[in-house]
Ligand code: ADP
């Protein structure tokens, strides 16, 4: 096939371009005439819209043949002459008659009115179409006008209905439908009484409807002429609905919206759409004879939401698949954009909240991890500080052990005597016990500081904590020739904290102080530790008479690894500050050059008094 196409285009190329006229003149719009039998239902908008895809588009004109008013031979003849005259100079491509009278007119007179023009009809009952002798120039679409499904649906919707009134006019077409539906409804008798008012004028019919009693429904069929010969069109349905004291059903789509409840509707819209499809085929060149009559199952259950409400009838009783029209738009229909906007904002917020929670979770995990690392580091620092103090700690431990030894020796000497002084030996033994206790305490304190600790907080007496540290350092202080003064406040409240970590802070500050005064002349090596209450905060000051801290170092002091000592690690103050901050407090330095250094710890108190 591709080879063939290539061959064709090659031939075109050799033959030269197509003639300029053929190439530039666009196809003219198709001329389509829609013939209505009477006023409405109008379907030319649907037809016109659908026919625009015809080559060159479509130009649609409409004619109202007024056939319900004048349907005799003479009128038909005059109409033919008029149409011929009117469309003589216009190249009509297609005629579309709508409803039976117009279709019948075209079946009989089409060739005379529009010679050689194809015809596509729509909106006709298939049964009635069979009465016509269709020429081969006519194709189209037919449906099924039926009353029974409407009344069956009405009985479901209003189960206590006992009577149905058929409303139809008195013209031949009206009588035809009245008869036919009357026949259809026989299957429902005797459960349902079918009332058929006949020969009435419209005012009489309306009076009749006004007098209807409960358990009755009205079925509006068709009303083109009343018993007095007055003509009616779409206005009839309005009059009937206004007069009726009971719900009015109908069986063709255009009636919906004028106050009828609904029914199994013959849809002109669907007929028109199908007719347009056929018309396009014809306009593109398919002869109508090849298409013939298409029977469309185009009816549908349709109801008016407002009327269902008015008569208080539940939608749940409608036949499955019913279309309910005139429902007020839901909040979703009306405010779709606003709702979507609000939803987007809510979703965004939710995403943000989730994001923040995830972040908070991550931060918490990071904090826990940082806390664990801080604990490890603090432990390391403690152990290394204690390592530095090893000599003096050994001495601290040695003292009670030496005392125990000499006391035991003294006791042995006493016991070797003939009459040992038991009282003296008892005293010696009691000294041994208290020295042992002292040694035990030293070991306990050291063990505490050497353990890692779980970082648990408890109410603490700060003074007791300071005393513990000073006891440990007692020997070191003496060895360095320092004068240590403890100025501890009375009745201070407790603080909430980790005992070992806070001891480490005090230990660091005091050891740094001892280091700082090391080069001072003896007698000027002073160290003061003070506890006091500053408003609601506990304050611990460690002051020394050392050289103080140069202005340039004051910021760097608390940075990790900043040290001026030969064997220093530079971690003590950094760790002390993180410990204090983890307790919600603050560690700062106050210094006057030449007046030594003062380190100040502040920690929130619990408010409870110390014992
Ligand atoms: P390290 O003691 O291992 O050096 P620290 O973090 O405890 O680590 O101290 C850091 C530095 O801060 C010390 O090296 C010293 O220079 C200075 N410093 C600390 N305390 C004092 C003090 N009381 N007086 C003077 N300088 C001090």
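The values are calculated or read from the model by the stated rules, or taken from the named source; none is laboratory data. Since this is a predicted model, take the numbers as computed values, not measurements. Note that we place each Cβ from the backbone using ideal geometry, even for glycine, and neighbour counts take in every protein chain shown.
Please go through segment 295-344 and pick out each residue that is in a helix (DSSP H, G or I), at pLDDT 90 or above and touching a helix residue (DSSP H, G or I) at 6+ places or on another chain (Cβ under 7 Å). Working first, answer last.
Initially, segment 295-344 is screened for residues in a helix (DSSP H, G or I), giving 305-310, 315-317, 331-334, 336-344.
Cutting the leftovers down to at pLDDT 90 or above gives us 305-310, 315-317.
Once the filter is applied, which keeps residues that are in a helix (DSSP H, G or I), at pLDDT 90 or above and touching a helix residue (DSSP H, G or I) at 6+ places or on another chain (Cβ under 7 Å), segment 295-344 yields 308, 315, 317.
When the criteria are applied in full, residue 208 fails the requirement of being crowded, with 20+ Cβ neighbours inside 10 Å and closer than 15 Å to residue 243 by Cα. State yes or no: is residue 576 under 17 Å from residue 457 (Cα atoms), surrounded by 13 or more Cβ atoms within 10 Å (Cβ to Cβ) and within 8 Å of the ligand (Cβ to nearest atom)? Yes; evaluated as a whole, the condition is true for this residue. Is it true that residue 602 is surrounded by 18 or more Cβ atoms within 10 Å (Cβ to Cβ), closer than 24 Å to residue 489 by Cα, in contact with a strand residue (DSSP E or B) (Cβ under 6 Å, 6 or more places away or on another chain) and modelled with pLDDT under 85? So residue 602 does not fit the description; no. Residue 445 meets the conditions (1) modelled with pLDDT of 85 or more; (2) touching a helix residue (DSSP H, G or I) at 6+ places or on another chain (Cβ under 7 Å); (3) part of a helix (DSSP H, G or I) in every case but one. The failed one is (1).
Against the conditions (1) surrounded by fewer than 13 Cβ atoms within 10 Å (Cβ to Cβ); (2) touching a residue at least 24 places away in the same chain (Cβ under 8 Å); (3) part of a loop (DSSP other than H, G, I, E, B), residue 187 satisfies every one except (3).
Would you mind stating whether residue 60 is assigned to a strand (DSSP E or B) and within 12 Å of residue 114 (Cβ to Cβ)? For residue 60, the condition - assigned to a strand (DSSP E or B) and within 12 Å of residue 114 (Cβ to Cβ) - is not met. Restricting attention to segment 544-559, report how many residues are more than 8 Å from the ligand (Cβ to nearest atom), surrounded by fewer than 17 Cβ atoms within 10 Å (Cβ to Cβ) and assigned to a loop (DSSP other than H, G, I, E, B). Total meeting the criteria: 4.
A Cβ distance below 7 Å, combined with a sequence gap of six or more or placement on separate chains, defines the contacts here; from segment 554-577, residues that are under 17 Å from residue 504 (Cβ atoms) and free of Cβ contacts under 8 Å to residues at least 60 places away in the same chain reach residues that are more than 8 Å from the ligand (Cβ to nearest atom) and part of a helix (DSSP H, G or I) in the pairs 558/577.
Within segment 581-601, residues that are within 18 Å of residue 515 (Cα to Cα) and more than 11 Å from the ligand (Cβ to nearest atom) reach partners that are at pLDDT below 90 and assigned to a strand (DSSP E or B) with beta carbons closer than 9 Å, at six or more positions or on different chains, in the pairs 600/590.
Selection of segment 236-277 for residues being surrounded by fewer than 23 Cβ atoms within 10 Å (Cβ to Cβ), farther than 30 Å from residue 163 by Cα and touching a helix residue (DSSP H, G or I) at 6+ places or on another chain (Cβ under 8 Å) yields 269, 273, 277.
For segment 470-500, a residue qualifies if it is away from the ligand (no atom under 15 Å from the Cβ) and surrounded by 20 or more Cβ atoms within 10 Å (Cβ to Cβ), and the qualifying residues are 472, 475, 495, 497, 498, 500.
Residue 95 - would you say it is surrounded by 14 or more Cβ atoms within 10 Å (Cβ to Cβ), more than 26 Å from residue 269 (Cβ to Cβ) and under 54 Å from the mean Cα position of the chain (by Cα)? Considered against the rule, which asks whether it is surrounded by 14 or more Cβ atoms within 10 Å (Cβ to Cβ), more than 26 Å from residue 269 (Cβ to Cβ) and under 54 Å from the mean Cα position of the chain (by Cα), residue 95 comes out as no.
Would you check if residue 165 is under 21 Å from residue 286 (Cβ atoms), under 53 Å from the mean Cα position of the chain (by Cα) and in contact (Cβ under 8 Å) with a residue 24 or more places away in the chain? Full working, then the answer.
Details: under 21 Å from residue 286 (Cβ atoms): no; under 53 Å from the mean Cα position of the chain (by Cα): yes; in contact (Cβ under 8 Å) with a residue 24 or more places away in the chain: yes.
Taking the combined requirement at face value, the residue does not satisfy it.
Within segment 503-543, track down each residue that is more than 16 Å from the ligand (Cβ to nearest atom) and either under 28 Å from residue 379 (Cβ atoms) or assigned to a strand (DSSP E or B) (or both). Talk me through it step by step, then tell me what you get.
Quick first cut of segment 503-543, residues more than 16 Å from the ligand (Cβ to nearest atom) only: 521-523, 531-539.
Once the filter is applied, which keeps residues that are more than 16 Å from the ligand (Cβ to nearest atom) and either under 28 Å from residue 379 (Cβ atoms) or assigned to a strand (DSSP E or B) (or both), segment 503-543 yields 531, 532, 533, 534, 537, 538, 539.
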